[in-house]
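Here's the structure, in structure tokens; my notes come after.
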Amino acid sequence: MDFYSIDFYVERTIKFLIAYSPKVIAALLTLIIGLFIIKMFRKLMTTLMTKREMEPTLLKFLTDLFTWVMRILLFVSVVTKLGVETSSFVAIIGAASLAVGLSLQGSLSNFAGGMLIILFKPFKVGHTIEAQGVNGTVMEIQIFVTRILTGNGQTVFVPNGALSNGVITNFTYQGNRRAELTISISYSSDITVAMKIIQHTMEENPLILKEPAPAVAIKELGANVILVMRPWAKNADFGNMTSEILRQCKEALQSGGIEIPNGVSEIKIKND
């Protein structure tokens with residue numbers, strides 16, 4: 001039968017291609033032009049934001065966000081050019097988006113938290129913070145998590161939702177940081193002399209800032225006299241300063257004849 005002949009199928013195919021080719025060509029042109037426009041828009045947006053000295057994390061996030069939005073719009077336009085009904089297509093996308101949103105409520109909370117952190121900037125990359133029981137340097141602020149490097153070299157990923165809703169201690173924000181260090185002396189020692197020695201030692205330390213000035217005070221009268229030192233230092237020098245000043249104060253107090261208890265208690269038993 002002619003219906004099953006090769007000529008019949010060839011003729012049908014040619015007619016189909018002739019009838020459908022304008023839509024395919026229009027869709028291809030839309031895709032090519034659209035991708036070119038998206039690429040140029042991304043470059044232009046990056047250049048403008050860089051000139052305005054925008055935060056790198058916010059710059060990358062916004063460019064990625066606008067790029068994906070434009071890609072989705074381009075995809076819908078291409079599908080429309082091919083003759084697909086957009087109303088049903090959009091309804092499917094909406095239903096899928098609702099299902100995904102309900103299943104990813106925690107991720108959406110982290111996404112919103114990332115947006116708040118990027119916009120309000122409670123900390124930046126390179127800052128030393130303490131939050132959610134983690135203390136370390138912020139290495140990267142991602143959309144869903146923040147990557148923190150702790151002092152012992154561990155990498156911790158903290159969800160942005162918890163970060164944005166919790167208490168954040170930023171040690172870098174002010175540029176300087178104050179230490180509160182304690183040292184004990186014996187009751188038999190002269191407290192005034194000990195405080196003068198500590199004050200002089202702190203003032204001579206090059207890592208301790210002159211302003212705000214360091215201070216020493218009596219913190220507690222317990223088993224021994226406990227003195228508290230409050231020196232200020234730059235964030236970069238803070239760790240070295242705390243270790244160095246404790247060593248220097250111990251040596252200075254011992255050289256000045258101030259007795260530092262060793263933590264061992266003497267118990268005397270009196271026999272009647």
Gain upon complete extension [Thr47, Val69; 0.36 nm per residue less C-alpha separation]: 6.0 nm
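Going by how many other beta carbons lie within 10 Å of each one, how would you line up Arg52, Arg177, fewest first?
Going from sparsest to densest Cβ surroundings: Arg52, Arg177.
Determine the gain in length on full extension of the stretch Ile218-Val193; use 0.36 nm per residue of separation and subtract their C-alpha separation, reporting nm with one decimal. It would help to have the intermediate numbers written out before the result.
Details: separation 25, 0.36 × 25 = 9.00 nm, distance 1.26 nm.
Working it through step by step, the gained length comes to 7.7 nm.
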Unsatisfied cross-links (Cα-Cα over 21 Å) in the set Lys51/Lys124; Lys196/Lys219; Lys124/Lys210; Lys196/Lys234; Lys60/Lys124: Lys124/Lys210; Lys196/Lys234
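At 25 °C and 0.890 mPa s, grab the translational diffusion coefficient of the range 123-170 from Stokes-Einstein with a Kirkwood Rh over Cα pairs, rounded to a whole number in µm² per second.
My calculation gives 237 µm²/s for D.
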Protection-proxy order for peptides 28-34, 228-234, each taking the mean of Cβ atoms within 10 Å per residue, highest first: 228-234, 28-34
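Laboratory data are not the source of any read-out in this text; all were calculated from the coordinates shown. Being a predicted model, the structure only gives us computed values, none of them experimental. Cβ: placed from backbone, ideal geometry, glycine included. Neighbour counts: every protein chain shown.
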